[in-house]
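The block underneath contains the structure these notes are about, expressed in structure tokens.
The values are calculated or read from the model by the stated rules, or taken from the named source; none is laboratory data. Keep in mind the model is a prediction, meaning the values are calculated, not measured. Heads up, the Cβs are rebuilt from the backbone with ideal geometry, glycines too, and the neighbour counts pull from every protein chain shown.
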Amino acid sequence: MTDITPEQAGSGSSHSATELVRKSLARRNRKQRVLQGFGIAAIFFALSMLVILIGSLISTGYPAFTQTHVELEVYVDPDEVNPDNLSRGSYDEMIAVSMGAYFPGVDMTDRTAAREVTQILSSGAQLLLRERVIADPSLIGQTVNIKVPASDNFDQLNKGLVKRDTPERLRRVDDAAIERFDTLNEAGIISTPLNTRLVTNADSRFPELAGLKGAIIGSFWALLTCFVISFPIGIGAAIYLEEFAPKNRLSDIIEININNLAAVPSVVFGLLALAVFLGWFGMPRSAPLVGGITLALMTLPTIIIATRAALKAVPPSIREAALGVGASKQQVVFHHVLPLAMPGILTGTIIGLAQALGETAPLLLIGMNAFITSAPSGPFDSATALPTQIFIWADSPERGFVSRTSAAILVLLTFLISMNAIAIYLRQKFERKW
Amino acid sequence: MVLFAFTMLLCATMLAYFVNRRAALSIRAGGVQLHSLESFHGLFAALSVLVPVLVGILLWLALEGTAVDGFMLRSLPEGTFEGLDSGASQLIVAEIKSIAGGRVFGTPEPWKIEAAERLVRYHRIADWLLVALVATSATILLWFARRSVAEQFRARQSAERIVLGLMIFCATAAIFVTIGIVFALTFETIKFFQIVPITEFLFGTSWEPQIPIREDQVAAEGAFGAVPVFLGTIVISTVALFVAIPVGLMTAIYLNEFAPHRVRKTVKPILEILAGVPTVVYGFFAVLTVAPAIRQFAATIGVDVAPNTALAAGGVMGIMLIPFISSFADDALSAVPRSLRDGALALGATRGEMMLNVLFPAAIPGIVGGVLLAVSRAIGETMIVVMAAGLIAKMTINPLDSVTAVTVQIVTLLIGDTSFDNPKTLSAFALGMMLFLITLIINIFALRIVRKYREIYD
């Protein structure tokens, strides 16, 4: 580019036009910079929201990955256990006795005084002891070393979530209780190991005992059902529409219908499942099987659309070559086109399943938000799923559930991220550019 | 037992394949030319065993529960359900079933235990019947398939016809789902409108779906005017779009025109993460972080706001919609032909002017389509509003107030309720019907705009 000087520009009118342009140029460039600034601000806003979202989940969720435990030496008193029925026995008494050893000044026969001491422990402590004894009856008459979870309030105190410097009446743990807890701490029996119960326990009313096992297994069964139904049907539908369907009204209707189905609100699928599967067919409530079928209906459009795109990406030369050596139309599709499209199809399917894993509303309507304290043993058992478990915990009033909800969300996000990572890996490893 | 039936079916299918393949092979070994390859003979046999028996098993499983229950109910002593409403009789059936499942609470009446035993027996009979039926039908079909093997039998065509039929069935499955939705919703909605007049539902301004539990209760009789509920959805969606549209559009404009290649390549996938986060997570985020932040901010400037404002729910929903709108807008901007963009630049426009005066107006139809889809998303979004919005329907458009939404009402009315015979649960279906219709209309409209727009520039 050469600069045009005013002398070269010639006549007066074009001279003034150039001047005009020049003068306005700064303003126009400023306008562009403002536009760019808005764009950067918008991206900054979106990204910072993402950071705040993840940050707030991690900062509230990480305490739930550890759990305060109290290590006790409990004498299993033969007089307190019914040898014929080991599940009957005053295991709470034995634990109270062993706790009392640390508080010589407290009269453990006084019920209220004893309760004040034992409230440091989770109310599930006696159940743990009972399980140990049932599993190994030879422990009766011996001293058992057992590590039991502390109750929610003291867990929070130990993690510093209940602040010691807040005035006593605003704190949920009074000064005397803190003193008792500190006694135990000085005795060196308080520890904060990894909270394995978060994944090995099912739901519970008590935050310190609640875990995600039931929800993870429920989600697994639901996703398996969803996959078994939506994968073959989705691929079949996509192959038909892409390779065989005549261009007529019916094909058009099916196509419009699939696109619309993909945009139907998820809660409507829940209403469908409630009225048809539970109401008319009498399928069991809260069962992962029904949840899986419902999710399959929602995943179907995603899989169909992804499969069609993958089929479309296979070049026509492949089809023509196969047809040319005498393959039938179906042989062309099933022997040549489909295998080549498989990576794309699998990627789309995994992304669809990841969406289904995070879906909550339809599962709420079919009752997968029930309170269930044992993991399901099959797809017909009542169960929760990961997202509905998050919903249940988010609704629970106990303080300990706040961090557990965040922890559960982090677990769910881990699953989602790994599924998407697998999908991206598949795409990059096997996708061919023609 | 059911698993056993499926295993049997699988074995029969594989057996059919190999038997027919071997038969075809032996014909060819005799020096005769076959019309079809031997594997097609096998495939035909496998499909002709698998498909009918599988359909049979699935139908059986769908109907078994209802049929067995019916037999059990008929065997109950006369007059068991006399004078009981549907809730109480459902309770009896549920108790019998739980006894049959081995969960006995207290001491049930002997006739209930008897019924439970009968139920267990019927289920066992049904299971055995199923297995017997699968065995006989599979054998018969296998025999027929084996007889079909012949040199002139067009096994390929027959097998391919079955496969094509299966694929057509798969393709129409989506239609069946839509029909199912329409039927289920219409059916329950009609039942609702028989109790509550449709004009009250559409134009009434008071929404109090609580109905008296006992006959003599003084509580409200229940009012089903849905206007405030819809108003709440509109308020929340408007807040969401106020966040999502400007941010989404600005993001798309910047990424499409101004961003360096590296920035575009990293920012786009990160934004997509926002779209992949489950809505229940957004709901918790709204409750845990956004709502308290709004309250605190309002308190510092001296405004009193409700704990579950429409602002929190709508704002978080807007964040969720940002990637949705930005990717639609980005696609629409990219679809504008290069010639328009080059022409504007050649005339001396700055890139900003080219974007605002040429590219953006040319892309507006596509962007509008995307925004409409976002609107339908916002209206149908459930978990964020269930967790972060209120329950009480108010006639207000103040985003600082607590409002409810259509989806909130659907979920709260139906959680934990099983009987579909009172206006409370039925009203949820009427709301669902309205939701389905509105989103359907918006979707059809939006998809048509997007498609038309694509055709203009293709």
Which members of region B:58-109 meet the condition of being assigned to a loop (DSSP other than H, G, I, E, B), within 30 Å of B:LEU3 (Cβ to Cβ) and modelled with pLDDT of 75 or more? B:SER75
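Hey, among the residues in region B:381-397 that are small (Gly, Ala, Ser) and either facing chain A (nearest Cβ under 9 Å) or assigned to a loop (DSSP other than H, G, I, E, B) (or both), which one's nearest to B:GLY318 (Cα to Cα)? Before you say what the answer is, go through the steps one by one.
Kept after step one, since they are small (Gly, Ala, Ser), are these residues of region B:381-397: B:388-390, B:393.
This time we only want the ones that are either facing chain A (nearest Cβ under 9 Å) or assigned to a loop (DSSP other than H, G, I, E, B) (or both), so: B:389-390, B:393.
Working: B:ALA389: 14, B:GLY390: 18, B:ALA393: 22 Å.
So the residue we want is B:ALA389.
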Given the conditions (1) under 28 Å from the mean Cα position of the chain (by Cα); (2) over 24 Å from A:LEU57 (Cβ atoms), and given that B:ALA259 satisfies all but one, which numbered condition is not satisfied? (1)
Can you tell which of B:ALA378, B:ALA363, B:ALA349, B:ALA312 is farther than 27 Å from B:ALA275 by Cβ and either without any contact (Cβ under 8 Å) to a residue 12 or more places away in the chain or part of a helix (DSSP H, G or I) (or both)? B:ALA349
Given A:ASP155, A:ASP165, which one is crowded, with 18+ Cβ neighbours inside 10 Å and more than 28 Å from A:GLU80 (Cα to Cα)? A:ASP155
If you take the residues of region B:331-345 that are surrounded by fewer than 24 Cβ atoms within 10 Å (Cβ to Cβ) and in contact (Cβ under 8 Å) with a residue 40 or more places away in the chain, which of them is farthest from the other protein chains (Cβ to nearest Cβ)? B:PRO337
Under 6 Å between Cβ atoms, at least 6 apart or on separate chains: pull out the pairs that start in region A:127-156 with a residue that is without any contact (Cβ under 8 Å) to a residue 40 or more places away in the chain and under 21 Å from A:ASN195 (Cβ atoms) and end on any residue that is in a strand (DSSP E or B) and among the hydrophobic types (A, V, I, L, M, F, W, C). A:LEU128/A:VAL148
For B:THR251, the lone unmet condition from (1) free of Cβ contacts under 8 Å to residues at least 24 places away in the same chain; (2) of a type in the set (Ser, Thr, Tyr); (3) within 8 Å of another protein chain (Cβ to nearest Cβ) is (1)
Just name the residue that is farthest from the chain's Cα centre (by Cα) out of those in region A:234-256 that are within 8 Å of chain B (Cβ to nearest Cβ) and modelled with pLDDT under 90. A:ALA245
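Kindly establish whether A:ARG319 is charged (D, E, K, R), part of a helix (DSSP H, G or I) and surrounded by 21 or more Cβ atoms within 10 Å (Cβ to Cβ). Can you show your working first?
Values: charged (D, E, K, R): yes; part of a helix (DSSP H, G or I): yes; surrounded by 21 or more Cβ atoms within 10 Å (Cβ to Cβ): no.
Answer is no for this residue.
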Just wondering, is there one or more residues in region A:167-187 that are at negative phi and in contact with a strand residue (DSSP E or B) (Cβ under 8 Å, 6 or more places away or on another chain)? yes
Using beta carbons and a limit of 6 Å, which pairs, at least six apart or on different chains, have the first residue in region B:52-79 and surrounded by 11 or more Cβ atoms within 10 Å (Cβ to Cβ) and the second one at pLDDT 80 or above and among the charged types (D, E, K, R)? B:MET72/B:ARG118; B:SER75/B:ARG118
Cross-chain or 6+ apart pairs with Cβ under 7 Å, region B:98-116 first and in contact (Cβ under 8 Å) with a residue 12 or more places away in the chain, then assigned to a loop (DSSP other than H, G, I, E, B) and loosely packed, with under 10 Cβ neighbours inside 10 Å: B:TRP111/B:PRO77
Pull out all pairs, ordered by first then second residue, where Cβ-Cβ is under 9 Å, the residues are six or more apart or on different chains, the first lies in region B:264-293 and is under 23 Å from B:ALA389 (Cβ atoms) and more than 7 Å from every other protein chain (Cβ to nearest Cβ), and the second is hydroxyl-bearing (Ser, Thr, Tyr) and surrounded by fewer than 21 Cβ atoms within 10 Å (Cβ to Cβ). B:ALA275/B:SER327
Of the residues A:THR307, A:THR302, only one is within 30 Å of B:LEU414 (Cα to Cα) and either out of contact with any strand residue (DSSP E or B) (no Cβ under 6 Å at 6 or more places or on another chain) or surrounded by 15 or more Cβ atoms within 10 Å (Cβ to Cβ) (or both); which? A:THR302
Say whether the condition of being more than 12 Å from chain A (Cβ to nearest Cβ) and within 28 Å of B:LYS191 (Cβ to Cβ) is met by at least one residue in region B:369-379. no
Among the listed residues B:ALA389, B:ALA374, B:ALA329, which satisfies the condition of being modelled with pLDDT under 90, in contact with a Gly (Cβ under 9 Å, 6 or more places away or on another chain) and among the aliphatic types (A, V, I, L, M)? B:ALA389
For A:GLY188, all conditions in the list (1) more than 27 Å from the chain's Cα centre (by Cα); (2) touching a residue at least 12 places away in the same chain (Cβ under 8 Å) hold save one; what is the number of the exception? (2)
Identify all residues within region B:49-70 that are more than 12 Å from chain A (Cβ to nearest Cβ) and touching a helix residue (DSSP H, G or I) at 6+ places or on another chain (Cβ under 8 Å); write none if there are none. B:VAL49, B:LEU50, B:VAL51, B:PRO52, B:VAL53, B:GLY56, B:ILE57, B:TRP60
In this structure, does B:THR136 turn out to be surrounded by fewer than 18 Cβ atoms within 10 Å (Cβ to Cβ), in a helix (DSSP H, G or I) and more than 22 Å from the chain's Cα centre (by Cα)? yes
Run down B:GLN194, B:GLN152 and say which single residue is assigned to a helix (DSSP H, G or I), among the polar types (S, T, N, Q) and more than 12 Å from chain A (Cβ to nearest Cβ). B:GLN194
With the checklist (1) at the interface with chain A (Cβ under 8 Å from one of its Cβ atoms); (2) out of contact with any Lys or Arg (no Cβ under 9 Å at 6 or more places or on another chain) in hand, flag the one item B:LEU241 doesn't pass. (1)
Among (1) under 20 Å from B:PHE169 (Cβ atoms); (2) surrounded by 20 or more Cβ atoms within 10 Å (Cβ to Cβ); (3) facing chain B (nearest Cβ under 10 Å) - the single one A:PRO265 does not satisfy: (1)
Scan region A:67-125 for residues that are among the acidic types (Asp, Glu) and within 15 Å of A:PHE181 (Cβ to Cβ) and report the count. 2
Note on region A:380-406: residues of a type in the set (A, V, I, L, M, F, W, C) and surrounded by 24 or more Cβ atoms within 10 Å (Cβ to Cβ) are A:ALA383, A:ALA385, A:LEU386, A:ILE390, A:PHE391, A:TRP393
I want to confirm something. Restricting to region B:351-366 and keeping residues that are at the interface with chain A (Cβ under 9 Å from one of its Cβ atoms) and surrounded by 20 or more Cβ atoms within 10 Å (Cβ to Cβ), which single residue is nearest to B:ILE253 (Cα to Cα)? B:MET355
Scanning region A:64-84 residue by residue, those within 20 Å of the chain's Cα centre (by Cα) and more than 14 Å from chain B (Cβ to nearest Cβ) turn out to be A:PHE65, A:THR66
Breaking point among (1) part of a strand (DSSP E or B); (2) crowded, with 17+ Cβ neighbours inside 10 Å, for A:ASN145: (2)
